[in-house]
Structure formats: structure tokens, C-alpha cells
């Protein structure tokens, strides 16, 4: 066939499985042919003979032949993925969609707001930003989780980076509901956006999380003074083919899979049904 | 755009000969409807070249309801040599649907090799409609009941044969290759043109009673009705069967399905329906179109709002198949008329 078959998965080995929380695991994967994604782009991961679903890699785009995908057990495919063990084979296609426009973030104070498994693409973004940290003025990473046991990336981002460039990189971590051992903030992730020490005029903010979190975070950011063109959202839609053909992920005149999944809010704020 | 005349026995000879290199399909009539049938050595037989479109949309040949598109981790075996497809008797509305399909499947950067190879190798010998069906409304949305573009050869049926018009190099080559089957069209063109004019006028008269808004006011009217109760009302009789999607020549949506096979696994591309609850649902259950009325509106949004913005034409060909197929008697013409009246 003259044209490359875009539906063909690349054989990929599961190198490691990291249990992040009771419902979230990170899978370290090694595809037979490297998949060179950029932070924000997504891939389609499949279990042979069972089906496929879209995920945004959570690892650094600078790691060449391996990638990590953080997945919450939420449906049929993700439940099967959660049963995968080291050495199992899966299929990967991609990368698809657009990336976070890092060059637009240069010299800016960057606010990342993530909720739950929505932290996955933000981790990839954070790692890409941290790779060239001198290009950016600062990063404030606001992370929300349901409970302390739902907090992910404890070892890989939070501990490691919190101790690093304190001046440039700061974290605000909150849980919706605390347990007996929790000494940190309690409240929805929107509460971490109070009293921001950020020059809004020179800031961009990137949000990812479940639909309801994205909605209220965006509204809160607007209230705080961010303009729609300063807010970047990673939209989760049903991206089946990943290449703008199958029709499932249409969002107004866009397809989330090829025109997104990263959208600047001013480009989509007129579209109906974006938060559902 | 050269014109010739071919008589009926000669068209039959042409079809027989083409069947050696192509899988040739032409409509035959059954129960007052037309269905495509494969033509072989026996020729056209009782095929109906004129009349109106077949029941099946032409996408069935180029984007079949179920296609194997990949194995797992094995060399792609989908390029085994198959005869290309030739359709005889495709209608204007069928050809217009290619505008939508081509836009979707040939769009960069990821082109669909399955669709494209069938399109590139296929042959289309279309034909004028010689009558109209009850649900036909192409002229109301600016589409003529006779092909104006998108064919290799077009046939306009007359009493004893057809005016054949070339529409592509491929069509010209075929006519050159079978030149002795053709003769001058000079004395037939006037009759062809008057037939076309008469049918267009009759059909315009037929669609008048549907009160479909003028072509250019459909998209603005849809936008104005986005939050209208019209969609709740229309969806009352929808049973979410997806028949309107399956039968629509311009509905292109599909779903990828993986399944076990004897020696491994395979991936299928299957027609999907935006009326189904699961169409836009994501893992975890979030669904931008939970209500049926939203999904029905989405169908019209895609056809009469999205596609005009994308390709400057509707994702609807006026073929009326959906109105025929709907068990809930939802008639696209009525919905369009209500965009303006309710």
C-alpha cells in the first residue's frame, strides 16, 4: 500500500508498572519503533484484540525510546490495562494532536493547574519546562486530588522537584478530603488559586483535569484576572481514530484529536457543550 | 467534457468487458426499489440505469460497513490485489457525497489508505435521474438531479440509448478504448437537455410543499435554532437505531473495533452512529451529549453547520434516504422547514 496505514499499532513492551494510587497506575513502555511525542500530544494505546483508548504520555518528551502513560481505571479498556504486567505486549499509535506551545510560554510566569489523573499531561509539560527552566520566569504547579492516597507522582515529581529550584518552581498541593495523617491544604484545587503571587500580565496558565474541574478552574482563573487567551486547556473527548476521520471527538468546528487536544480557551469558549 | 451516444446493446457490451478488469455494480429493481447487483459475463440484464438512486449509499463500496484495517504486529496484509470497483448508474446525489468523503478521508496529514486506494482505482459511470422519489429533495439544496461533476462517464438515458459525457481522463480513455461502441451525440443532445430541464422543474414543484428554507438560509436558521425546543420535539419518535446514519451517503463516522482472530487479532473499521448514547462518551462516563435531543441536533449541526464551514457545502445530498429509513418517521425535510417556522 502506497500510503502508510495510520491504524496499525506498533508493538510495545510494558517495562514497568508503577502503582500511583488505588485507581491510577503509570506504565513505562518501550515501543519497537520510537514514538517521538511532544508534551500535550496523545497516543492511542491498545490491548491486542480488546480495544484502544487515547492517553497523553506523562513522561518527558526528551526521553527518546521509552514513554510513560498514567492511566486511571475508569472503563472497559482502562480496567484491562490495569491488569497488565511487566513484559506484556500492547499496541501504540501516534503521537497525535497538537502540543503545548512552549515557545509561547518563554519568559512567562507559568501556572499549571491539574486535578486527579489530569496531572498526567501536566507532568509531561512540567518536565519539558524544567528541562529548559532558565527560559521561563517561574512555574507554580497546583495539584488537586480527592484524598491524600489519590495523590500521584509522589516519588517522581513532587519530592524530586519540590526540593530543586525553589525560586523558580513552586507547588501547591491540596486534597478535597483529608485523612488523619494529612497536614497540607484541604479544599478543591480552585482554592489553591487564591492569593496568587503572579504578575498576571506576564502569565499563562495550563489546566487539565476532569470536565467539572476544568470548568470551575477556568471560571476561577477568569475571575482572578486571566484573559481567555492566557488559558490553555487539554480537552478530553472520545478520540477513537486519532486522525480526524472517525467523527467522535468533534468540538464545534474542531476535532479534539487533530486541532487539539490543547486548546487556548478563547478559541473554544463560544462552542456549546465544551464542559460536558 | 466530450459527448457521445451509446445504444443499449453496446452499453451492455461495455459493461461485460469492464467486468473483466473491474468489479462492476449496477442497480436492479426489486419491490419498486433499486439495489446494486454485481455485473459479470451476463451483462447488465435487467439493470436500471436511469430512474433514481439505489437504496444503498455509494459509500458502501468505498468505505464498506466493516473493513479490516490492521492486524496486530504483523505485516499489513490488506494490499492483496483486489479488482477495482466500477459503479454504473450512480446518481448525482451519490457523486456529491464523495465531496464529503474525499474531504474527510483524503485530508492530510493522515490519509486513509483504504478509502483512497478504492477511489483512485475505481471507475464511476453515473447517470441522470429520469424520475424522482417521494423523499427526493436534492434541488432544494442546490443539487441537480443529474450529475454535473465527479464522474468518469455520465449517461443520460434516452429511448434507445444514452448520451455519454466524459468527466475525467479515465473516462476519456475508456471511451477511446471502446470507440466502436460509441457514435455521435449530435442529434440527441437537445432531447437530453429538455429531459433534464423537465425533471428539474417537476422536482422543484415536488419539493415546494416541503417548505425547505432557501439553501443559503439553512445554516443561519440552524444556528438560530440551537437552543430551540425543536430538538426535543423532533427526537420524541427517535428510537436511536442509527438507520439514518447508516443509510446516509455523507455520514462518514466510524468506530475502530478490535477482535480476536484465528491467528492473532484484527482491527476493524465499522460505521458508527452519532445518535447512539456511547458515541461521544469518554472513560469515566462524561458525555457531552447525554440527551437524545442533543444527539439529534448534533446530526444536523454536522450536516448543516460544520460542513458548510469546512467545505462550503452541506453534509447532506438531498437523497432522502434517511426519511425513508427512519422507523420514527423523522423526515429531514420537515426538520429543515421547522428551522424557519417554529
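The Rg/Rh ratio of segment B:1-43, with Rg taken over Cα atoms and Rh as the Kirkwood radius over Cα pairs, comes to 1.05. Both numbers refer to the Cα atoms of segment B:180-336; Rg and Dmax are 20.5, 68 Å. A convex hull fitted to the Cα coordinates of chain B yields 160 cubic angstrom per residue.
Beyond 32 Å, the tail of the calculated P(r) for chain A holds 20 percent of the Cα pairs. When each of the peptides B:61-73, B:208-220, B:137-149 is scored by the mean number of other C-beta atoms lying within 10 Å of its residues, the order from highest to lowest reads B:137-149, B:61-73, B:208-220.
Each peptide in A:106-113, A:234-241 was scored by the mean count of other Cβ atoms within 10 Å over its residues; highest first, the order is A:234-241, A:106-113.
For segment A:43-83, rounded, prolate or oblate, judged on the Cα gyration tensor with a ≥ b ≥ c (square roots of eigenvalues), a/c < 1.5 rounded, else prolate if a/b > b/c? It is prolate, given that a/c is not under 1.5 and a/b is the larger ratio. Each stretch of four or more DSSP H residues adds -39500 (n - 2.57); spread over every residue of chain A, this sum gives -4500 deg cm²/dmol at 222 nm. With a Förster radius of 35 Å applied to the C-beta separation of residue A:186 and residue B:73, the computed FRET efficiency comes to 0.15. Dividing the helix sum by the residues of chain B, where each DSSP H run of 4 or more adds -39500 (n - 2.57), gives a mean residue ellipticity at 222 nm of -10000 deg cm²/dmol. The alpha carbon centroids of segment B:44-114 and segment B:240-290 are separated by 18 Å.
For a modelled paramagnetic label at residue A:62, 7 Å from Cα along Cα-to-Cβ, the residues of segment A:116-137 in reach, with backbone nitrogen under 20 Å, are A:120-137. Per-residue shielding of B:100-110, expressed as the average number of other chain Cβ atoms within 10 Å of the residue Cβ, stands at 3. Direction-averaged projected area, Cα convex hull, segment B:261-341: 8.7 nm², rounded to one decimal. Taking a ≥ b ≥ c as the square roots of the eigenvalues of the Cα gyration tensor, an a/c ratio below 1.5 marks segment A:10-96 as rounded. The mean number of Cβ atoms from other chains found within 10 Å of a Cβ in peptide A:235-241 is 5, as a whole number.
Counting Cβ atoms of other protein chains within 10 Å of each Cβ in A:5-18 and taking the mean gives 4. Under a point spin-label approximation (7 Å from Cα along Cα-to-Cβ), what is the residue A:106-residue B:257 distance to one decimal in nm? Roughly 5.0 nm, to one decimal. The Cα trace of segment A:102-234 gives Rg and Dmax of 13.8, 43 Å, the first to one decimal, the second as a whole number. For segment B:11-125, the fraction of C-alpha pairs farther apart than 17 angstrom is 59 percent. Among A:253-264, A:21-32, the peptide with the highest mean count of other Cβ atoms within 10 Å heads the list, and the full ranking is A:253-264, A:21-32. Dividing the Cα radius of gyration of the protein assembly as shown by 2.2 N^0.38 Å, with N the residue count, gives 1.11.
For segment A:174-245, what class follows from the C-alpha gyration tensor (a ≥ b ≥ c being the square roots of its eigenvalues): rounded when a/c is under 1.5, otherwise prolate if a/b is larger than b/c, else oblate? Taking the square roots of the gyration eigenvalues as a ≥ b ≥ c, segment A:174-245 is oblate.
A short reminder: the numbers here are calculations on the coordinates, not readings from a lab. Every value quoted in this text rests on a predicted model; they were computed, and no experiment measured them. Neighbour counts run over all protein chains shown; Cβ positions are idealised from the backbone, glycine included.
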